[in-house]
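Here is the structure we will look at.
Readers should treat all values here as calculations from the given coordinates under stated rules, not as data from a laboratory. Source: prediction; values computed, not measured. In this analysis, Cβ positions are derived from the backbone assuming ideal geometry, glycine residues included, and neighbour counts consider all displayed protein chains.
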Amino acid sequence: MNKRLHMAVFLSFAFILAPIWHSATGAAIKDTESASHADEAASVQIVNTYQYPGYRLVQFNLGVLSHYSYMLISGGQALVVDPDRDVFAYLALAKKENLKIKGVFLTHNHADFVAGHLELAKAAGCPIYASAKSGDQFAHQSLKEGSKIEVGDAVVKILETPGHTPDGLCGLVAPKKQPDKPNLILTGDVLFIGSVGRPDLMGGTASAASLASQSYDTWTRKLSKLPDNLNIFPAHGAGSLCGAHLSDEPTSTLGAQKIANPYVKHKTRGGYIAAVLEGLPEAPQYFKHNAALNQKGPELINWEATPVQKKPDQALTNPSRFYVVDLRNAKEYAAGHIPNSVNIAVRGRLETWVGIMVPWGSNLVLCGDPKDLKEAVYRLHRVGYRAEIITPEAWKKAGLPLAKNEMISPRDLYAQMQTPDSPVVVDVRLPTEWMGLRIGTVVNLPLNHLAELAPAKLDPEQRAVMVCNSAFRSSLAVGIMERLNFKKVASLDGGSEAWIAAGLPTFGPEARPAAAMAPAASPTPTPAPAPKRDIKLPERLSPAALKRLILDLPNSFELVDIRPPEAFTDYHLPGSRNADIDDVMKNPAYLSGSVPLILVDRDGSLAMAVGGILSQKTARPIRVLYGGLDAYWTELELKGAVRETPISGAGPTGVQPPPPATPPGGPTPTPTPPPAPPKKKSAGC
């Protein structure tokens, strides 16, 4: 069986079995939030060491912030690039290998974390290198276009690359002996793997559109002119809110990004700006404060200081005076917590969620066991938060009241949702997550806006059940509702992942029917039959209908040709672009958009299979050319050519065949593959 037939068979089964894979694994709702709950995500880890002639680059990752930092090492010297505030991993490596840290290179003033430049400058006695346009208020050596930093046998040449911020810099790294032949580029936040830096984090000091325009110039006039084999090392990966749809690949090449990055495929300034600005997630409120701290110069931290113990006091339950964050898991929180506290578990993106939910400058108090309290205080320094601490035992010992909330099982909630007195189910995920898959007729109030929306949308006297993917966010939502004086609030135990694992029905583009359910452990109302399925299939377009669209309504649809690049080069429809079939199936960028997505292939079979898969995931109109380009060629172009070519010497009705023409997909030299969007992951917030 040839490769193309293998793919056809696979796609046919993929279309049929997609709901089964979904229910068996729950993978469709896994996100970067869940991926950051492991212990190692909370500390700086070495991703890899990359060897080059005369030097090497060590890549570090802090999973909970999706942040990459680096040490460029050569000749016993090291340059640290964009360090986290807790700089101990860099110092440990320098001590282990007897390296002298020569300096700290900042690609820009970061907004999503407090950087460790002053911490390292003090610990290593080294200078800080930053942009001359940064406005930084601490001692530093200014960099501009063409500046160089030497590290042993390596040299870093500076490029000014505004776009994400006005002061953005990139560093081209090359051997000293061949300074004009760089091996890699440190891109900071201006260029990510599969994305570019968002331009809307300047807090009103510069418009997002003007920075996006500068980003366009940075790409078209500088970065795109560099060699295709240049390795790219960015400051962030999947899950970061400094861009949208970042890849989880830690590095790439410039040539690969020219083909795969969906943003840089836009050849016009207006199109690029629109693409960069479209669909950006809301920036956490703490970003502007972190950016200001980094520019001013963060104060040095005494990392060994003992946190301040807060005495148990009823005043802690007053939301207008204190913001209490309970660090325990959802079940421990539900069993009994300080009234009006919110649950942000230490195993997860603690830094980001505190920065999203806790207003800057709040009287923050952390509640948990001593080990978690120590870790949380340490980690919150990364985003500029200070906190006092208290233990649940101290609160209980003082005889102060506890609040409790229900953790309701998926089966029990499903049964209650079939009764006349069913609770209101509130999905607190992002609208894009909720639209893709939901557990029934539920209201979507995103967690980051819950405090504003709930008082206007919900009744404090009605029962409400909070839902997310895993119960991390829904448990946090319970505390937010409690602070708003809602008293009848529960959380779905295990979230949508547990709901799917229990075989219960889901709805939306990614929906699947309910599996057979085992009897519930306790008596519950008999579940109602699952609703009839709404089978979504792509609309089939005839060749004539597609031609009318191309002629009469250009730019009112997106036309994607999924054939191999050589076939596309040989023959394709006006306005179409070529894309890899695997990318079309996996890239969420194809799921969004208001205009119809029209898929074409050779004979319509693969396009129909792909269209069927996409139709289950999105409300976007999906259409397929019926019969493919074979039918389009035969019915329209070939027949048209025959009708219009008279036979020499024949009467008025005489026709002759047109000159020989190569049919679509005929042999042709293989060109360079055209741009196609890459595989992406969501910010996961």
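For the range 63-144, which trypsin sites (Lys or Arg not before Pro) are in a loop by DSSP, counting at most 14 other Cβ atoms within 10 Å?
For trypsin sites (Lys or Arg not before Pro) across the range 63-144 that sit outside H, G, I, E and B with at most 14 neighbouring Cβ atoms in 10 Å, the list reads 144.
Which shape class applies to the range 197-356: rounded if a/c is under 1.5, otherwise prolate when a/b exceeds b/c and oblate if not, where a ≥ b ≥ c are the square roots of the Cα gyration tensor eigenvalues?
Prolate is the answer for the range 197-356, as a/c is 1.5 or above and a/b outweighs b/c.
For the range 365-482, taking Cα atoms only, what is the radius of gyration to one decimal and the Dmax to the nearest whole Å?
Spelled out, the Cα radius of gyration and Dmax of the range 365-482 are 17.1, 49 Å.
Along Cα→Cβ, 7 Å out, is where each label goes; now give me the distance between the ones at residue 536 and residue 421 in nm to one decimal.
Roughly 3.6 nm, to one decimal.
In whole percent, what relative contact order does the range 49-175 give with Cα contacts below 8 Å and a gap of six or more residues?
Normalised by residue count, the contact order of the range 49-175 is 20 percent.
Order by neighbour count: 303, 499, 434, fewest other Cβ atoms within 10 Å first, most last.
Lowest count first: 303, 434, 499.
How much length is gained on full extension from residue 51 to residue 208, taking 0.36 nm per residue of separation minus their Cα-Cα distance?
Full-extension gain reported as 52.8 nm.
Calculate, in nm to one decimal, what residue 619 and residue 635 gain on full extension: separation in residues at 0.36 nm each, minus their alpha carbon distance.
Full extension of this stretch gives 2.7 nm more.
Can you give me the distance in nm between label points at residue 226 and residue 553, each placed 7 Å from the Cα along the Cα-to-Cβ direction?
About 4.3 nm separates the two model spin labels.
Mind ranking 304-311, 399-406, 60-67 by how tightly packed they are, going by the mean number of other C-beta atoms within 10 angstrom, highest first?
Going from most to least packed, we get 60-67, 399-406, 304-311.
Can you figure out the FRET efficiency of residue 296 with residue 318, using R₀ = 22 Å and their beta-carbon distance, to the nearest 0.05?
Calculated transfer efficiency: 0.10.
Sorted by average packing, counted as other Cβ atoms within 10 angstrom per residue and highest first, what order do 250-257, 352-359 take?
In decreasing order of mean packing, 250-257, 352-359 become 352-359, 250-257.
May I ask you to order 40-47, 329-336 by the average number of other C-beta atoms within 10 Å around their residues, highest value first?
Packing proxy ranking, top to bottom: 329-336, 40-47.
Hey, how much of the P(r) for the range 312-382 falls beyond 15 Å, as a percent of Cα pairs?
Tail fraction, whole percent: 49.
Among all the lysines, which ones have a C-alpha under 26 Å from residue 396's C-alpha, if same-chain residues fewer than 8 places away are not counted?
Reachable lysines: 310, 311, 331, 371, 374, 404, 487, 488.
What are the equivalent ellipsoid semi-axes of the range 33-291, built from the alpha-carbon gyration tensor (square roots of five times its eigenvalues), in whole angstrom, biggest first?
26, 21, 18
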